[in-house]
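**Student:** One structure, pasted below without further comment.
The values are calculated or read from the model by the stated rules, or taken from the named source; none is laboratory data. Worth saying up front: this structure is predicted, and the values here are computed from it rather than measured. For neighbour counting, all protein chains shown are included, and Cβ atoms are generated from backbone atoms with ideal geometry for every residue, glycine included.
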Amino acid sequence: MKVLFLYPEFPNTFWSFKHALKFIDKKASTPPLGLLTIAAMLPANWEKRLVDVNVQPLTQDDLDWADWVMISAMVVQRESTKELIQRCKTAGKIIIAGGPLFTSEYKEFPEVDHFILNEGELTLPLFLQDWAHGTEQRIYQSDQYADIQTTPAPLWGLADLSQYATMSIQFSRGCPYNCDFCNVTALLGHKPRTKTAQQLIKELDDLYALGWRDQVFVVDDNFIGNKKVLKQEVLPALIEWQKGKTGIPFNTEVSINLADDPVLMRMMVEAGFDTVFVGIETPNEESLAECSKSQNRNRDLVKSVHAIQRAGIQVQGGFIVGFDSDTPSIFKRQLEFIRESGIVTAMIGLLQAPAGTTLYKRLKKEGRLLGEMTGDNGDGSTNIIPKLDLGLLQDGYRSLVQDLYAPREYYRRVLTLLKNIEPPKVVRLLDKTYLRAFFRSVYQLGIKGTERVEYWKLVLWAMFRKPKLFSQAITLAIYGHHFRTLADEI
């Protein structure tokens, strides 16, 4: 059996980093972790090929070669997915689909032959068993949650690692919280399920053996959902694994209560974590109560962010405007909060309601849904009818994004962060890729760019005041170019 694993294109989004990737000659941020994991679940003697169209085009030779096409996608990849499915159908291929997009919207894809929905560890074996007996069905679903301690390591060898800026691994699934706009718990449950430390180390060993020496993104929706396992097993194993290595930095997603645990922060830093993404959402207490963001309530959020930064971890933040409790002052409040906290990478979007969430169900009852969401948190779109006037909300959002990523405002936050943060304990080896990116930044940002004055202020400050953070300063300057380009498009 010959199986083609097909990954659709991402549009130009906040997290695509398309305008930043050019500085390091990479074509995509991360490889398709889900497809590479599914590939490891198929019989070892089957032939397998990956085409990630973010990296390489789908060719007729690829289609002619394949017996099956297995495609996975997120909601934001919807348009590319439809185009690829049509090509595969025209070529007469058997199409097998799974992943978040299809789990929530499989009825919108009549051309697909078989759907492997929910978690593949549960539904893929059922499909393979039926296929072996000639009794395969069209839809395979499960309301159970998989034991991910049985999940195999991804088949990294299918991907051209040189084309990606970051590798991704997964430690846990599920989140203990209940934010009403988030579909993580609807898909993966409230109880965090974890892999073993041995599994995680094997996956890292596999990557290291293939020559990977750069950033690794732990894709968990809340890495600290099970603190006991982290402290007793996983972080000690990662700290030990880093010894003798050239330095592999990690980043991940966490909840804000990381700031309450100095021991956990110290262990994460020693293990190599230098960046976390936190869903902060809003400084408006009424809006936090409205969306059941209990972990963010009744605390000084700026103080919590600074505590994480002082531990040596950069905080990237997710923010939302358009809650029912928001007033027209929310745009100014968000800008002031982000500025004071020194959150450089601030993803802000209008409130959207993913299918299956508590928010979606409530707004459906209220007749306030506008159709499907785009899945892009930063494109200024929404699929709900807000309490605020929609025109006011969209105008305020556009102004907020422009203000956030204007050169003076952006570089001001970079300096705030660099003044607060401690240098990382684990530092990647500075190689030709980094040096090339630095010199390109000098030309693109320091000579041609509209931000050249701010750029040189940052470069000189970092060089003489905090040289250990110089590479981070350049990286953030390059990120700013990407964010500013997107802001102009919005």
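**Student:** With at pLDDT 95 or above, under 28 Å from GLU9 (Cβ atoms), crowded, with 19+ Cβ neighbours inside 10 Å and not small (Gly, Ala, Ser) as the only criterion, which of TYR411, TYR455, TYR397 stands out? Give the derivation first.
**Tutor:** Details: TYR411 fails: under 28 Å from GLU9 (Cβ atoms); TYR455 fails: under 28 Å from GLU9 (Cβ atoms).
Answer to the check: TYR397.
**Student:** Another question, then. Any residue that is over 18 Å from THR13 (Cβ atoms) and surrounded by fewer than 22 Cβ atoms within 10 Å (Cβ to Cβ) - is there at least one of those in the stretch 338-350? Show your work before the answer.
**Tutor:** First pass over the stretch 338-350, keeping only residues over 18 Å from THR13 (Cβ atoms): 338-343.
Keeping just the survivors that are surrounded by fewer than 22 Cβ atoms within 10 Å (Cβ to Cβ) gives 339-340.
The answer is yes, given that some residue of the stretch 338-350 is over 18 Å from THR13 (Cβ atoms) and surrounded by fewer than 22 Cβ atoms within 10 Å (Cβ to Cβ).
**Student:** Another question, if that's okay. Specify the residue that is farthest from the chain's Cα centre (by Cα); the eligible residues are those in the stretch 326-340 that are charged (D, E, K, R) and more than 14 Å from GLU281 (Cβ to Cβ). Don't jump to the end; show me each part of the working.
**Tutor:** Here is the first cut: in the stretch 326-340, the residues charged (D, E, K, R) are 326, 332-333, 336, 339-340.
Checking which are more than 14 Å from GLU281 (Cβ to Cβ) leaves us with 332, 336, 339-340.
Details: LYS332: 27, GLU336: 25, ARG339: 23, GLU340: 24 Å.
That would be LYS332.
**Student:** Residue by residue through the stretch 183-227, note down the ones that are among the hydrophobic types (A, V, I, L, M, F, W, C) and in contact with a strand residue (DSSP E or B) (Cβ under 8 Å, 6 or more places away or on another chain).
**Tutor:** First pass over the stretch 183-227, keeping only residues among the hydrophobic types (A, V, I, L, M, F, W, C): 184, 186-188, 197, 200-201, 204, 207, 209-210, 212, 216-219, 223-224.
Once the filter is applied, which keeps residues that are among the hydrophobic types (A, V, I, L, M, F, W, C) and in contact with a strand residue (DSSP E or B) (Cβ under 8 Å, 6 or more places away or on another chain), the stretch 183-227 yields LEU188, LEU200, LEU204, LEU207, TRP212, VAL216, PHE217, VAL218, VAL219, PHE223, ILE224.
**Student:** In the stretch 314-337, how many are in a loop (DSSP other than H, G, I, E, B), of a type outside the set (Gly, Ala, Ser) and surrounded by fewer than 19 Cβ atoms within 10 Å (Cβ to Cβ)?
**Tutor:** Of the stretch 314-337, the ones in a loop (DSSP other than H, G, I, E, B) are 322-329.
Adding the requirement that they be of a type outside the set (Gly, Ala, Ser) leaves 323-324, 326-328.
If we keep only those that are surrounded by fewer than 19 Cβ atoms within 10 Å (Cβ to Cβ) as well, we get 324, 327-328.
Adding up the residues that qualify gives 3.
**Student:** Can you go through ASP205, ASP220, ASP147 and tell me which one is of a type in the set (D, E, K, R), within 26 Å of ALA355 (Cα to Cα), modelled with pLDDT of 95 or more and assigned by TED's automatic domain parsing to the domain that holds ASP324? Spell out how you get there, then give the answer.
**Tutor:** On the way: ASP205 fails: within 26 Å of ALA355 (Cα to Cα); ASP147 fails: assigned by TED's automatic domain parsing to the domain that holds ASP324.
The unique qualifying residue is ASP220.
**Student:** Quick check on my filter: what residues within the stretch 263-299 are over 26 Å from PRO249 (Cβ atoms), touching a residue at least 24 places away in the same chain (Cβ under 8 Å) and hydrophobic (A, V, I, L, M, F, W, C)?
**Tutor:** Listed by number, the residues that qualify are ALA289, CYS291.
**Student:** Identify the single condition in (1) in contact with a His (Cβ under 7 Å, 6 or more places away or on another chain); (2) in a helix (DSSP H, G or I) that GLU83 does not satisfy, given that it satisfies every other one.
**Tutor:** Unmet condition: (1).
**Student:** Please pick out the residue among GLY367, GLY356, GLY375 that is modelled with pLDDT of 95 or more, small (Gly, Ala, Ser) and assigned to a loop (DSSP other than H, G, I, E, B).
**Tutor:** Details: GLY356 fails: modelled with pLDDT of 95 or more; GLY375 fails: modelled with pLDDT of 95 or more.
From the options GLY367, GLY356, GLY375, the qualifying one is GLY367.
**Student:** Only one of GLY34, GLY92 is among the small types (Gly, Ala, Ser) and crowded, with 20+ Cβ neighbours inside 10 Å; which?
**Tutor:** Values: GLY92 fails: crowded, with 20+ Cβ neighbours inside 10 Å.
From the options GLY34, GLY92, the qualifying one is GLY34.
**Student:** Looking at MET70, is it crowded, with 22+ Cβ neighbours inside 10 Å, within 18 Å of GLY157 (Cα to Cα) and of a type in the set (A, V, I, L, M, F, W, C)?
**Tutor:** On the way: crowded, with 22+ Cβ neighbours inside 10 Å: yes; within 18 Å of GLY157 (Cα to Cα): yes; of a type in the set (A, V, I, L, M, F, W, C): yes.
So MET70 passes the test.
**Student:** Related question: Here is a check on your reading of the model: is LEU350 closer than 18 Å to MET373 by Cα and in contact with a Gly (Cβ under 6 Å, 6 or more places away or on another chain)?
**Tutor:** Numbers: closer than 18 Å to MET373 by Cα: yes; in contact with a Gly (Cβ under 6 Å, 6 or more places away or on another chain): yes.
Yes.
**Student:** So in the stretch 456-478, with the set limited to residues that are more than 27 Å from the chain's Cα centre (by Cα) and of a type outside the set (A, V, I, L, M, F, W, C), which one is nearest to LEU429 (Cα to Cα)?
**Tutor:** Checked the stretch 456-478; the qualifying residue nearest to LEU429 (Cα to Cα) is PRO467.
**Student:** Can you spot a residue in the stretch 304-313 that is surrounded by fewer than 18 Cβ atoms within 10 Å (Cβ to Cβ) and out of contact with any helix residue (DSSP H, G or I) (no Cβ under 9 Å at 6 or more places or on another chain)? Let's see the steps before the verdict.
**Tutor:** The first filter runs over the stretch 304-313 and keeps only residues surrounded by fewer than 18 Cβ atoms within 10 Å (Cβ to Cβ), leaving 310.
Then drop every residue that is not out of contact with any helix residue (DSSP H, G or I) (no Cβ under 9 Å at 6 or more places or on another chain), which leaves none.
Looking through the stretch 304-313, none of the residues is surrounded by fewer than 18 Cβ atoms within 10 Å (Cβ to Cβ) and out of contact with any helix residue (DSSP H, G or I) (no Cβ under 9 Å at 6 or more places or on another chain).
**Student:** Determine if the stretch 134-149 includes at least one residue that is surrounded by fewer than 20 Cβ atoms within 10 Å (Cβ to Cβ) and free of Cβ contacts under 8 Å to residues at least 12 places away in the same chain.
**Tutor:** yes
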